[in-house]
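What follows is a short report on a single structure.
The values are calculated or read from the model by the stated rules, or taken from the named source; none is laboratory data. Just so it is clear, the model here is predicted, and its values are computed rather than measured. Positions of Cβ are generated from backbone atoms using ideal geometry, with glycine treated the same way; all protein chains shown enter the neighbour counts.
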Amino acid sequence: MKLAHIAVAVCLGLAAMPATAQQFQLSHNAAPGNPKSDASIMFADLVKERTEGRVMIDVGGSAQFGEDAEALTNMRLGTMAFSANSQGTSSAVVPELAVLGLPFLFGNLPQAWEVMDGPIGDRLAEAAEAQGLVILAFWDNGIRQTSNNVRPIKTPADLAGLKIRTPPDPITIDIFNALGANPLPLAFSELYIALQQGVVDGQENPLINIYSSKLYEVQKYISLTGHKYESTVLLASKIIWDTFSPEDQEIIRAAATESGQYNRERSLNDEKALRATLEEAGIIFNEVDSATFQAATKTVYDQWSEKFPGLVDDIVAASAAAAAAQGK
């Protein structure tokens with residue numbers, strides 16, 4: 001190609017770029033193919049399209065831009081714009097978020113979504129903003145099950161002595177302490193190796209995370225404990241958020257909601273289909289005596305009612321109302 005032609009091509013390329021285009025990062029810890037990963041890419045694409053390239057988002061999955069805790073720090077400093085962050089890790093900065101993970105609070109995913117999309121979600125968003133974070137949407141991270149390499153877990157007694165990896169999330173740690181296990185907080189990116197090397201005996205996650213991160217390769221049993229729900233909180237740095245025009249803020253929020261609807265549908269549909277897939281891979285499933293697990297974790301409600309008495313009462317009431325609306 002002649003130099004003149006190269007110069008024309010470069011000029012045309014620059015002309016196609018918006019003069020005020022800005023590049024931002026979005027961090028998450030999920031593997032490719034996970035609903036969190038796919039929704040993050042969808043969010044970035046929607047924002048790029050609808051801002052006509054003014055706002056460009058580079059998605060860094062599998063903790064490429066750092067672990068969730070690091071992303072929270074960077075957002076509060078204004079050096080990172082977005083994160084599809086874990087509920088448990090986020091609760092270290094916004095403690096009120098932890099109440100979404102109270103044991104056996106939600107019977108199914110739509111029940112959790114209805115609560116988060118209502119006044120409870122608004123209150124959590126206010127708490128987050130006070131800490132320098134903007135909640136753009138509550139995405140889904142499923143109802144969690146327990147896997148291990150030692151034995152099927154049918155009652156809390158079966159957890160005695162087992163080292164169970166949990167997120168660095170106080171309410172999950174409280175749950176597994178109440179159940180008699182030895183909880184070991186560990187970053188998600190370190191989990192596969194920890195299971196493979198026997199540093200921990202097991203872990204707890206929704207089936208989609210167990211599948212997409214190939215944890216089934218280093219686990220034998222999955223016990224359907226259904227002990228808690230977790231959201232994925234799509235967050236923005238308030239420092240950076242306040243630099244966007246009202247028009248772009250509206251576009252970004254709409255894109256967060258739309259990609260969140262996709263994330264939720266994927267999470268719901270994948271959860272239904274994955275048991276058979278994991279059984280084919282050699283995983284042994286078992287049901288549990290749920291009543292014994294619920295009885296053992298009642299103390300967790302007492303602990304968290306002392307921390308957030310009004311919020312705990314209100315989220316329990318909102319969950320009951322959502323269940324009643326479903327006819328359950």
Among (1) farther than 20 Å from Trp241 by Cβ; (2) buried (at least 20 other Cβ atoms within 10 Å of the Cβ); (3) of a type in the set (A, V, I, L, M), which single condition is Ala92 missing? (2)
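Results for (1) assigned to a loop (DSSP other than H, G, I, E, B); (2) touching a helix residue (DSSP H, G or I) at 6+ places or on another chain (Cβ under 9 Å); (3) on the phi > 0 side of the Ramachandran plot, shown as yes or no for each residue.
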site	(1), (2), (3)
Leu136	no, yes, no
Trp139	no, yes, no
Ser147	no, yes, no
Asp158	no, no, no
Gly161	yes, no, yes
Leu195	no, yes, no
In region 216-237, how many are within 17 Å of the chain's Cα centre (by Cα) and under 15 Å from Val200 (Cα atoms)? 0
Residue count, region 35-55 (criterion: assigned to a helix (DSSP H, G or I) and touching a strand residue (DSSP E or B) at 6+ places or on another chain (Cβ under 9 Å)): 11
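Per-residue answers, yes or no, for (1) out of contact with any strand residue (DSSP E or B) (no Cβ under 7 Å at 6 or more places or on another chain); (2) buried (at least 22 other Cβ atoms within 10 Å of the Cβ); (3) within 29 Å of Met80 (Cβ to Cβ); (4) without any contact (Cβ under 8 Å) to a residue 24 or more places away in the chain:
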site	(1), (2), (3), (4)
Gly107	yes, no, no, no
Glu114	yes, no, no, no
Leu124	no, yes, yes, no
Glu129	yes, no, yes, no
Leu133	no, yes, yes, no
Asn141	no, yes, yes, no
Asn149	no, no, no, no
Lys154	no, no, no, no
Arg165	no, yes, yes, no
Taking Thr73, is it at pLDDT below 95, out of contact with any Pro (no Cβ under 9 Å at 6 or more places or on another chain) and either of a type in the set (Ser, Thr, Tyr) or crowded, with 18+ Cβ neighbours inside 10 Å (or both)? no
Checking the conditions here, which among Glu306, Glu250, Glu265, Glu279 is farther than 25 Å from Val115 by Cβ, at pLDDT 95 or above and out of contact with any helix residue (DSSP H, G or I) (no Cβ under 8 Å at 6 or more places or on another chain)? Glu279
Here is a list: Val47, Val10. Which entry is at pLDDT below 95 and either among the aliphatic types (A, V, I, L, M) or more than 20 Å from Ile239 (Cα to Cα) (or both)? Val10
I need the full set of residues from region 265-302 which are small (Gly, Ala, Ser) and in contact with a strand residue (DSSP E or B) (Cβ under 8 Å, 6 or more places away or on another chain), in order please. Ser267
If we take region 198-278, then strands (runs of 3 or more DSSP E) inside it with 3 or more residues that are among the small types (Gly, Ala, Ser) are 229-237
Residues being in a loop (DSSP other than H, G, I, E, B), more than 16 Å from Ser62 (Cα to Cα) and not acidic (Asp, Glu) - total across region 168-193: 4
Specify the residue that is nearest to the chain's Cα centre (by Cα); the eligible residues are those in region 19-34 that are assigned to a loop (DSSP other than H, G, I, E, B) and more than 11 Å from Asn141 (Cβ to Cβ). Ala31
Selection status of Ala236, without any contact (Cβ under 8 Å) to a residue 24 or more places away in the chain, out of contact with any Cys (no Cβ under 9 Å at 6 or more places or on another chain) and crowded, with 24+ Cβ neighbours inside 10 Å: no
